[in-house]
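The values are calculated or read from the model by the stated rules, or taken from the named source; none is laboratory data. Because the structure is a prediction, the values reported are computed rather than measured. Glycine also receives a Cβ, built like all others from the backbone with ideal geometry; neighbour counts cover every protein chain displayed. Note: areas computed on protein heavy atoms with side chains; ligands, DNA, RNA excluded. Shrake-Rupley method; radii C 1.70, N 1.55, O 1.52, S 1.80 Å.
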Amino acid sequence: MSITLEAGQVVGLMGDNGAGKSTLVKMIAGNFRPSEGTMRLDGKEIVMHRPVEARQHGIEIVHQDLALCNNLTAAANVFLGRELRRGVGPFRILDYKTMYRRAGDIFKELKSETRPRDLVKQMSGGQRQAVAIARTMLSEAKIVLMDEPTAAISVRQVAEVLNLIRELRDRGIAVVLISHRMPDVFTVADRVIVMRRGRKVADKSIAASSPEEVTGLITGAIEQV
Ligand SMILES: Nc1ncnc2c1ncn2[C@@H]1O[C@H](COP(=O)(O)OP(=O)(O)O)[C@@H](O)[C@H]1O
Ligand SMILES: [Mg+2]
């Protein structure tokens, strides 16, 4: 199986539980080592052993569980593991001022109402997604992979998360949206890829497909297109 991602395009990745969606995006993000195959970025082959190496290539992932720290602020979560420091030698201290400012800029860029000093534990599911998505914008992301970002949030918040995805797309980022929700994919995606039992069974433009066809492909009622 082979897939291609394009800058400024949203790909909906669909398939039943166990189809292999999470495994595929984790390989692209350097979490899992593929047993075979190659990955090319801008035409050049890349080999990754750890997630940090994927990040250096501009590949970011928003995991299904988000991996946020509830007792920390939005800004602290955006910079989790990538904290900014100032000073020299043993006197290096965390540069909160810059982190708050930079996080605020990113939320503004995403048109999110999240404030850098808000505590994550007081946030809605949609706002938590905004924090996780803001993390992907710390450096020049080229690919953002999202695993079920709208699975556990309310209808109104779904619209907000879809808007965040559009902001990423408008910045020329290639977005992969894993979702079970047909309306989300058909609202925001340009292309849909369907997986079944570890294989790709469809890869086509949204305009050329339909929710009925995708449902058939997911269940196996339609073999392949
Ligand atoms: N290409 C593959 N080859 C072998 N096993 C796979 C492959 N893709 C996924 N799996 C296995 O299938 C199971 C479900 O995969 P997962 O990626 O979690 O599915 P999904 O996210 O679509 O629900 C996992 O145990 C995973 O290890
Ligand atoms: Mg999964």
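The figures follow:
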quantity: Residue that is farthest from ligand 1 (Cβ to nearest atom), among those in the stretch 182-204 that are part of a loop (DSSP other than H, G, I, E, B) and over 10 Å from GLY12 (Cα atoms); calculated: ARG197
quantity: Within the stretch 1-46, considering residues that are away from ligand 2 (no atom under 16 Å from the Cβ) and among the hydroxyl-bearing types (Ser, Thr, Tyr), the one surrounded by the most Cβ atoms within 10 Å (Cβ to Cβ); calculated: THR4
quantity: Residue count, the stretch 1-22 (criterion: within 8 Å of ligand 1 (Cβ to nearest atom), of a type in the set (S, T, N, Q) and in contact (Cβ under 8 Å) with a residue 60 or more places away in the chain); calculated: 1
quantity: Which listed residue, of SER179, SER209, is touching a residue at least 12 places away in the same chain (Cβ under 8 Å), farther than 22 Å from GLU109 by Cβ and open to solvent by 10 Å² or more (accessible area, probe 1.4 Å); calculated: SER209
quantity: Count of the stretch 136-148 residues which are surrounded by 18 or more Cβ atoms within 10 Å (Cβ to Cβ) and farther than 15 Å from LEU5 by Cβ; calculated: 3
quantity: Residue in the stretch 47-66 that is open to solvent by 60 Å² or more (accessible area, probe 1.4 Å), within 16 Å of ligand 2 (Cβ to nearest atom) and either closer than 21 Å to VAL175 by Cα or at pLDDT 95 or above (or both) present; calculated: yes
quantity: Residue selected from the stretch 149-176 under the condition under 10 Å from the mean Cα position of the chain (by Cα) and at pLDDT 95 or above, by the criterion surrounded by the fewest Cβ atoms within 10 Å (Cβ to Cβ); calculated: ALA174
